[in-house]
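Structure first, then comments.
The values are calculated or read from the model by the stated rules, or taken from the named source; none is laboratory data. Quantities reported herein were computed from a predicted structural model and do not represent experimental measurements. Cβ placement follows ideal geometry from the backbone for every residue including glycine, while neighbour counts extend to all protein chains displayed. SASA here: full protein model, heavy atoms, side chains in, ligands and nucleic acids out. Shrake-Rupley method; radii C 1.70, N 1.55, O 1.52, S 1.80 Å.
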Amino acid sequence: MARKKIFAGNWKMYTVRDEALALARGIVDGITDSPGRAVVVFAPAVHLREVAALCAGSAVMAGAQNMYFEKEGAFTGEISPAMVKDAGARWILIGHSERRHVFHETDDDVRKKLRAALSEGLFPMVCVGELLDEREAGRSEDVVRVQTERALEGLSKNEAAAVVIAYEPVWAIGTGKVATPEIAQSMHRYIRSVVAAKFGEAVAAGMPILYGGSVKPDNIAGLFAMEDIDGALVGGASLKAASFLDIARVT
Ligand code: PGA
């Protein structure tokens, strides 16, 4: 079975409205539909409705960078899964390393958000990845295994089959220090084996696993050539339509 290829831009806390709309317009106008490939932009929440409307009918889908797992309530500052969907977004990014490390999100939060996303019918992209000191201590696989297992805990096979994972080594995010294709491939294969052990070979074989961390137009080809790398989650290079399009066109 051919796995879906996915290229996603994470705009983080960049872009005021005009910039966000111009960026979305540049991507929508520059993208050509390609069967088996999805293109996603994770826009800041305040721009979500307009970015989603601009993307409607194009090959680009909008997503939110974060949400809370409760349906509604006294959770000042948070947005709900239903609000994300109501804004027109199809995708939700869950457990990005900045959420984990700057905002202290736990594996438990990630698991609850994933369940909430699935019950709202959003497409979830769950981020996992080790810190530099964890890699240097030889603990990368353990860290990523625990994050992956805890995120997916309690899901049915069908639910797990709807999940996309993004492997983002934290030392590679925003640092210019991209993982080599070999390092990334080895972790992607490992993540697939962790998923297979819990949910079976078919779910693992069908699950898109994206690489993220300093992906640029000049390093995507080497990464994307690897067997278990199914696309990219792009931060810095997704803030210019031209460089994001160059990355998404690697297929
Ligand atoms: P980067 O960010 O491409 O700027 O390294 C990736 C991410 O945080 O998703």
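One residue is enough: does the stretch 93-101 have a residue meeting the conditions within 16 Å of V170 (Cα to Cα), at pLDDT 95 or above, aliphatic (A, V, I, L, M) and surrounded by fewer than 20 Cβ atoms within 10 Å (Cβ to Cβ)? Checked against the condition, which is being within 16 Å of V170 (Cα to Cα), at pLDDT 95 or above, aliphatic (A, V, I, L, M) and surrounded by fewer than 20 Cβ atoms within 10 Å (Cβ to Cβ), the stretch 93-101 yields no hits at all.
Would you mind stating whether A53 is touching a residue at least 12 places away in the same chain (Cβ under 8 Å), touching a strand residue (DSSP E or B) at 6+ places or on another chain (Cβ under 9 Å), open to solvent by 60 Å² or more (accessible area, probe 1.4 Å) and of a type outside the set (S, T, N, Q)?
For A53, the condition - touching a residue at least 12 places away in the same chain (Cβ under 8 Å), touching a strand residue (DSSP E or B) at 6+ places or on another chain (Cβ under 9 Å), open to solvent by 60 Å² or more (accessible area, probe 1.4 Å) and of a type outside the set (S, T, N, Q) - is met.
Yes or no, residue by residue, for (1) at pLDDT 95 or above; (2) buried (at least 24 other Cβ atoms within 10 Å of the Cβ); (3) basic (K, R):
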{"site": "R49", "(1), (2), (3)": "yes, no, yes"}
{"site": "A87", "(1), (2), (3)": "yes, no, no"}
{"site": "D108", "(1), (2), (3)": "yes, no, no"}
{"site": "C127", "(1), (2), (3)": "yes, yes, no"}
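V195 satisfies every condition listed in (1) away from the ligand (no atom under 13 Å from the Cβ); (2) under 20 Å from E98 (Cα atoms) except (2). Just one of (1) within 26 Å of C55 (Cα to Cα); (2) away from the ligand (no atom under 15 Å from the Cβ); (3) out of contact with any Phe, Trp or Tyr (no Cβ under 9 Å at 6 or more places or on another chain) fails for D230. It is (3). Here G213 meets the list (1) without any contact (Cβ under 8 Å) to a residue 24 or more places away in the chain; (2) within 16 Å of the ligand (Cβ to nearest atom) almost entirely, failing just condition (1). Scanning the stretch 160-209 for residues that are within 17 Å of the chain's Cα centre (by Cα) and acidic (D, E) returns a single hit, E168.
Among the residues of the stretch 1-19, the ones that are open to solvent by less than 50 Å² (accessible area, probe 1.4 Å) and within 16 Å of the ligand (Cβ to nearest atom) come to 8 in all. Every condition in (1) within 13 Å of the chain's Cα centre (by Cα); (2) over 23 Å from A172 (Cβ atoms); (3) of a type outside the set (G, A, S) is met by F7 except one, and the failing one is (2). Among the conditions (1) over 22 Å from L93 (Cα atoms); (2) buried (at least 20 other Cβ atoms within 10 Å of the Cβ), the only one that A232 does not satisfy is (1).
State whether one or more residues within the stretch 150-166 are over 27 Å from Y68 (Cβ atoms), of a type in the set (S, T, Y) and open to solvent by 10 Å² or more (accessible area, probe 1.4 Å). Checking the stretch 150-166: not a single residue is over 27 Å from Y68 (Cβ atoms), of a type in the set (S, T, Y) and open to solvent by 10 Å² or more (accessible area, probe 1.4 Å).
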